[in-house]
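Structure record follows, encoded as structure tokens.
The values are calculated or read from the model by the stated rules, or taken from the named source; none is laboratory data. This structure is a prediction, so every number in the text was calculated from the model and none was measured. Every residue, glycine among them, receives a Cβ derived from its backbone with ideal geometry; neighbour counts consider all protein chains shown.
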């Protein structure tokens, strides 16, 4: 009988508020100077008092509503006591038995709770001027509002865990509560993993230090295999916290797993209990939730005719999906459906050029699509030019690069750079006759049944037209002339 894995996730996400969780210090993840956004409150100076950030509470409630959770009538903050260099107060203000949200569901996975706490500082391990190893502490992140979501152990595979994490990231971005940029540490993952051959749960191991979805999948697969090998030897799994070494692609033991009593939780004496359902109009908040990824995927498939894979690719990034939808609206105001070649589907063209060509240029320059110089209006016009046969693929790529550099209108670039496709049959025919006269062997080969020579002649014609010819129009004229 095979071992069955049981997986639960704990996901932390830094919230996108102007200030920190309990003070007025700026919440700026891009701050490069260490210990710049700090004050006596987030540095834990004696005598200071915290004040709850209302925007952070509202953000967590939005997430709870988006996932179908129950918003608490009464919620409170607690002190979670532990000693670590990046924790200035030697305790963390968190939530224990009365979180803001209980319950909810995402992709068939039940949510246990969603609560709010403050983030820790950042440890920087480096060598001093004498080459001696040292550790520095940057408290810019200390006190940043941190949402923690805990799932039930409903997940059965690494693939499902990754899918859950990606869907949650999209929801956080659609709600506008977190950038959830894992490279910047905005979103961090922990996996609780156990295996068993029966319905009884095995011993749980928590894996930390997971900073990408690729690492999440690898860490879970590795840990399942490691636990199987331990049990097959007749040994027992130790309940512990393990780290993930992305370089070695393996987990390693960090410490024995702490239980709740190890943190000596008690109610935070400096903060009053909250009554979220009295502070916020929950029904109104629910009505004003934005369209979430699942609904947008479904709508893109039904209304715009995208495949499930295409819709998922777009919807994963809200800015890309917004750009696509705006460009589609622009395209609909043009005449492309009347003039485009039957084989050229303008919407398909728009999808392909957006997700391949424009995405490639943005990646190359390190630019977000929201900061791109390519407007949705100009992008739709470019697609219209392609669909109408005024430019070919090569010309479109050149024009799009110019657009991304200058923000210029594609038709203006086409005319200024003399990139318009030559589609006049008379002009093309003159060039075709020249090419046939210059390549008698290829003509002879074609007439002997060697159809590959037709591609050679098309290439020669395109070269004479400096890439501005329409390959299909050239093929048609060539075939007509070769039959004579």
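Side notes on the structure shown:
- Qualifying positions in the stretch 1-36 - within 30 Å of residue 201 (Cα to Cα) and either without any contact (Cβ under 8 Å) to a residue 40 or more places away in the chain or assigned to a loop (DSSP other than H, G, I, E, B) (or both): 1, 2, 3
- Within the stretch 1-17, the set of residues being under 24 Å from residue 173 (Cα atoms) and out of contact with any strand residue (DSSP E or B) (no Cβ under 7 Å at 6 or more places or on another chain) comprises 16 only.
- Scan the stretch 303-320 for residues that are part of a helix (DSSP H, G or I) and over 23 Å from residue 105 (Cβ atoms) and the total you get is 8.
- Qualifying residue in the stretch 112-134 (condition: under 25 Å from residue 162 (Cβ atoms), touching a residue at least 12 places away in the same chain (Cβ under 8 Å), in contact with a helix residue (DSSP H, G or I) (Cβ under 7 Å, 6 or more places away or on another chain) and assigned by TED's automatic domain parsing to the domain that holds residue 13): yes
- Test: residue in the stretch 92-99 that is exposed (fewer than 13 other Cβ atoms within 10 Å of the Cβ) and under 21 Å from residue 261 (Cα atoms): yes
- Exclusive hit being in the same structural domain as residue 13 (by TED's automatic domain parsing) and under 24 Å from residue 290 (Cβ atoms), set 68, 44: 68
- Of 322, 283, all but one fail to be surrounded by fewer than 18 Cβ atoms within 10 Å (Cβ to Cβ), without any contact (Cβ under 8 Å) to a residue 60 or more places away in the chain and more than 28 Å from the chain's Cα centre (by Cα); the exception is 283.
- Tally of residues being assigned to a strand (DSSP E or B) and in contact (Cβ under 8 Å) with a residue 60 or more places away in the chain across the stretch 216-270: 2
- Subset of the stretch 131-153 [in a loop (DSSP other than H, G, I, E, B) and surrounded by 19 or more Cβ atoms within 10 Å (Cβ to Cβ)]: 139, 140, 141, 142, 143, 144
- Selection count, the stretch 386-403, where residues are surrounded by fewer than 21 Cβ atoms within 10 Å (Cβ to Cβ) and either at pLDDT 90 or above or within 15 Å of residue 346 (Cβ to Cβ) (or both): 8
- Residues of the stretch 291-347 classified as farther than 17 Å from residue 173 by Cα, out of contact with any helix residue (DSSP H, G or I) (no Cβ under 9 Å at 6 or more places or on another chain) and modelled with pLDDT of 90 or more, total: 3
- Test: residue in the stretch 197-206 that is part of a helix (DSSP H, G or I), in contact with a strand residue (DSSP E or B) (Cβ under 7 Å, 6 or more places away or on another chain), without any contact (Cβ under 8 Å) to a residue 60 or more places away in the chain and farther than 23 Å from residue 293 by Cα: no
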